[in-house]
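What follows is a set of notes on a single structure, which appears directly below.
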């Protein structure tokens, strides 16, 4: 799996090597061996709010949104993970963790969404977060 990064109007600390490794660990953990590309797009809160409004019908800020592309119409890429870097900064302050750690967490969280995990119920959230935190802890 190839992992590519794009910055759209934000600055990001140099964590792409760790983020790439974390996604590869996640894919190995989940036994995913696709040859497609995952795009990680570092962007603004406003862009994620617009994506949330357009694709989820929710007019609110969020920190990560993931879109998986399936089927023969989209042989590549595998999916896109959009991360609101300013929201990650707020999260890092709120949870008293370094920004780099929070960004890794969001990359892994988005990767789990690409693989079909959801966090809409307490049980699903716990399962998703257990995997997420295991991978983040091993990626620092």
Inset, instruction - Report yes if residue 27 is part of a helix (DSSP H, G or I), touching a residue at least 24 places away in the same chain (Cβ under 8 Å) and more than 15 Å from residue 139 (Cβ to Cβ), otherwise no. - result: no
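Taking the conditions exactly as written (over 15 Å from the mean Cα position of the chain (by Cα) and either in a strand (DSSP E or B) or surrounded by fewer than 18 Cβ atoms within 10 Å (Cβ to Cβ) (or both)), does residue 60 satisfy them or not? Even if it seems obvious, please write down each step before you answer.
Numbers: over 15 Å from the mean Cα position of the chain (by Cα): yes; either in a strand (DSSP E or B) or surrounded by fewer than 18 Cβ atoms within 10 Å (Cβ to Cβ) (or both): yes.
Taking the combined requirement at face value, the residue satisfies it.
Table: residues versus (1) in contact with a strand residue (DSSP E or B) (Cβ under 8 Å, 6 or more places away or on another chain); (2) buried (at least 18 other Cβ atoms within 10 Å of the Cβ).
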residue	(1), (2)
3	yes, yes
10	yes, no
26	no, yes
32	no, no
42	yes, yes
55	yes, no
Inset, instruction - Within the range 12-24, track down each residue that is farther than 16 Å from residue 99 by Cβ, touching a residue at least 60 places away in the same chain (Cβ under 8 Å) and in contact with a strand residue (DSSP E or B) (Cβ under 6 Å, 6 or more places away or on another chain). - result: 23
Legend entry - Among the candidates 111, 116, 71, 138, residue that is in contact with a strand residue (DSSP E or B) (Cβ under 7 Å, 6 or more places away or on another chain) and either in a helix (DSSP H, G or I) or modelled with pLDDT under 95 (or both): 111
Inset, instruction - Could you tell me whether the range 74-86 includes any residue that is without any contact (Cβ under 8 Å) to a residue 24 or more places away in the chain and crowded, with 17+ Cβ neighbours inside 10 Å? - result: no
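Which one is modelled with the highest pLDDT, of the residues in the range 75-108 that are in a loop (DSSP other than H, G, I, E, B) and in contact with a strand residue (DSSP E or B) (Cβ under 9 Å, 6 or more places away or on another chain)?
From the range 75-108, those in a loop (DSSP other than H, G, I, E, B) are 75-78, 96-98; that's our starting set.
Cutting the leftovers down to in contact with a strand residue (DSSP E or B) (Cβ under 9 Å, 6 or more places away or on another chain) gives us 76-78.
On the way: 76: 58, 77: 71, 78: 89.
Among those residues, the one meeting the criterion is 78.
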Legend entry - Condition check for residue 123: assigned to a helix (DSSP H, G or I), buried (at least 18 other Cβ atoms within 10 Å of the Cβ) and either out of contact with any strand residue (DSSP E or B) (no Cβ under 8 Å at 6 or more places or on another chain) or modelled with pLDDT of 95 or more (or both): no
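The values are calculated or read from the model by the stated rules, or taken from the named source; none is laboratory data. Owing to the predicted nature of the structure, the values given are computational and were not obtained by experimental measurement. Neighbour counts are summed over all protein chains in view; Cβ atoms, including those assigned to glycine, are modelled from backbone coordinates with ideal geometry.
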